[in-house]
Every structure is written in C-alpha cells, then in structure tokens.
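The values are calculated or read from the model by the stated rules, or taken from the named source; none is laboratory data. Model, not experiment: these values are computed from the prediction. All Cβ positions, glycine included, derive from the backbone under ideal geometry; neighbour counts span all protein chains shown. The accessibility values were calculated without ligands, DNA or RNA, using every heavy atom of the protein model including side chains. Shrake-Rupley method; radii C 1.70, N 1.55, O 1.52, S 1.80 Å.
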Amino acid sequence: GGLPPMIQQYIPPGERLDAALLLDAEGGVIASFVQREIRHYPADIGPSTVQESIAMPELAEQAAVLLRKLGWRGIAEVEWMRDPRDGRLKLMEINPRYWNSLHLAIQSGVDFPHLHYRLSLGERVEPVTSYRIGQVTRNLLPGDLLRAMSTGRWRELDPPLLGKGGRPVEDDILSWRDPMAAAGFGLACARYALDAGMWRKLFKR
C-alpha cells in the first residue's frame with residue numbers, strides 16, 4: 001500500500017528554463033510565460049539573478065499538461081534543466097507559488113498578479129500567451145552582486161553587473177517608478193546586518 005516511491009537523479013548543471021502558468025478552475029491556460037536563467041547565486045545551483053524572456057510555447061504546453069495531470073489550479077512555475085550529457089530537458093521542480101523573478105514576466109507583457117486577481121473575482125479573462133521576447137531583468141541586490149563577488153568574475157558578465165550592455169535590462173527591485181520596494185529591501189538588510197547567523201550562511205556559499 002501507500003504511494004509509489006519517487007526516483008530522483010543527479011545531473012550536471014546545465015541550462016535552466018522556467019515555464020510559468022496560470023490555470024483557471026477547469027485547467028485552461030489563462031497565462032503562460034517562459035524564461036531562460038542567465039546567472040545564479042550560488043553560481044551553479046542557486047536561484048537565478050538574471051533571466052531573459054524567450055519564445056518556447058512547447059515547453060509551456062508540456063508544463064500545462066503536467067499541472068493538469070496533478071489536478072493543479074492557479075499559479076505555478078515549472079523549472080527544467082537541460083542535461084549536458086544528452087541535451088534533453090529534465091524536470092527539476094514545481095513551485096506552486098509566485099516566483100522571485102516575477103518582474104520579468106510583467107515587464108514582458110504577462111501581468112500574472114493582475115490576471116490572477118481578475119480571475120479570482122470571477123471575471124472573464126482573455127488568455128495571454130504572447131509577450132515580448134528578449135526582455136532581461138536582474139536582481140542586483142543582493143543576488144547578482146553576491147554572485148559576482150563569489151566568483152570574482154566581473155568584466156566578462158553579459159549583461160554587465162551595472163548597465164544594460166546593449167539590451168533592455170530592468171532590476172527586479174530597484175526602480176525610480178516604485179521606490180518603496182527598494183526601501184523595504186533596505187530595511188530588511190538593516191535587520192539582517194545584525195544577524196551573525198545570516199553572515200555565516202552567506203560566506204559559506
């Protein structure tokens with residue numbers, strides 16, 4: 001009796017892609033979005049610090065099929081990693097919540113929170129599955145800065161740590177249009193600056 005066992009396999013770090021979806025009560029796709037992770041902290045296995053919107057509808061559809069089979073409704077992000085040994089995408093995990101790099105989807109034209117809000121009110125919502133390709137966002141503070149400090153690689157970063165490097169780049173937190181997010185981050189940093197355990201955790205990475 002009981003549930004069947006779950007089998008996991010370790011694969012070498014490779015390209016990471018994320019398919020984000022919003023499903024309605026019937027499992028229909030209200031919104032879909034795919035991004036490629038460019039940089040991470042910790043460098044090989046951590047969350048993304050820079051990401052780019054890409055066109056890959058087949059991955060979004062594959063994620064939708066998986067979520068429907070699980071009976072999932074609402075918001076979710078399905079993460080995949082390309083196995084460098086055979087070039088195939090392998091399922092990493094499913095986040096049944098909003099993800100840290102949500103700002104990229106919004107900047108690309110898929111406003112998941114607003115669509116989710118309208119859906120929860122019972123409004124009729126037209127599906128959004130097309131968006132701007134090639135948009136880039138980064139989490140400079142603290143993610144991308146810590147990534148650069150931990151690897152010591154500053155000059156060859158693309159996009160660069162500071163500046164846009166020839167393509168549209170926006171920060172996940174820092175914005176003159178919405179300064180309160182940065183203010184909140186500053187207050188959080190002031191709190192953690194006094195936490196010795198947090199510093200030990202950062203330096204271990």
### Message
With only alpha-carbon pairs counted, each pair once and no self-pairs, how large is the Kirkwood hydrodynamic radius of the chain in angstroms?
### Response
18.6 Å
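Shape verdict for the stretch 1-122, please, from the Cα gyration tensor: rounded (a/c under 1.5), prolate (a/b greater than b/c) or oblate.
Oblate shape, in that a/c is at least 1.5 and b/c is the bigger or equal ratio.
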### Query
Under a GNM of the chain (C-alpha, springs under 10 Å), which listed residue has the highest mean-square fluctuation: Gly14, Gly109, Gly163?
Gly163
### Estimated translational D of the stretch 24-67 in µm²/s (Stokes, Kirkwood radius over Cα pairs; 10 °C; 1.306 mPa s)
131 µm²/s
### Query
What residues qualify as long-range amide H neighbours of Ile30, i.e. H under 5 Å apart, gap of 5 or more or another chain, H built at 1.01 Å from N?
Leu22, Leu23, Asp24
### Task
Just read off the accessible area of Arg68 with the full protein assembly in place, 1.4 Å probe, to the nearest 10 Å².
90 Å²
### Summary
Amide H neighbours of Tyr98 at under 5 Å, excluding residues fewer than 5 places away on the same chain, with H built from the backbone geometry, are none
#### Entry: Size-normalised alpha-carbon gyration radius of the stretch 45-110, reference 2.2 N^0.38 Å
1.17
#### Entry: Integer Hz, Karplus 6.51/-1.76/1.60 couplings in order for the stretch 12-25, x for Gly and Pro
x, x, x, 4, 10, 10, 10, 10, 9, 9, 10, 10, 7, 5
### Query
Short version: ³J(HN,Hα) in whole Hz for each residue of the stretch 73-85, in order, from phi by Karplus 6.51 cos²θ - 1.76 cosθ + 1.60 (θ = phi - 60°), x for Gly and Pro, what are they?
9, x, 8, 6, 10, 9, 9, 10, 10, 7, 6, x, 7
### Most mobile listed residue (Ile75, Ile173, Ile11) in the chain, GNM with C-alpha springs under 10 Å
Ile11
### Task
Could you go through the stretch 31-42 in sequence order and give the Karplus-derived ³J(HN,Hα) for each residue, using 6.51 cos²θ - 1.76 cosθ + 1.60 with θ = phi - 60°, rounded to whole Hz, and x for Gly and Pro?
8, 9, 7, 10, 10, 10, 7, 9, 9, 9, 9, x
### Query
When the chain is treated as a GNM, springs tying every alpha-carbon pair under 10 Å, which of Ala193, Ala20, Ala182 comes out with the largest mean-square fluctuation?
Ala193
### Task
With the full set of protein chains in place, find how many percent of the accessible area of the chain is carbon and sulfur; take the probe as 1.4 Å.
58 percent
### Task
Among Ile75, Pro96, Gln9, pick out the residue whose Cα is farthest towards the positive end of the charge dipole of the chain, where Lys and Arg carry +1 and Asp and Glu carry -1 on C-beta, about the Cα centre.
Gln9
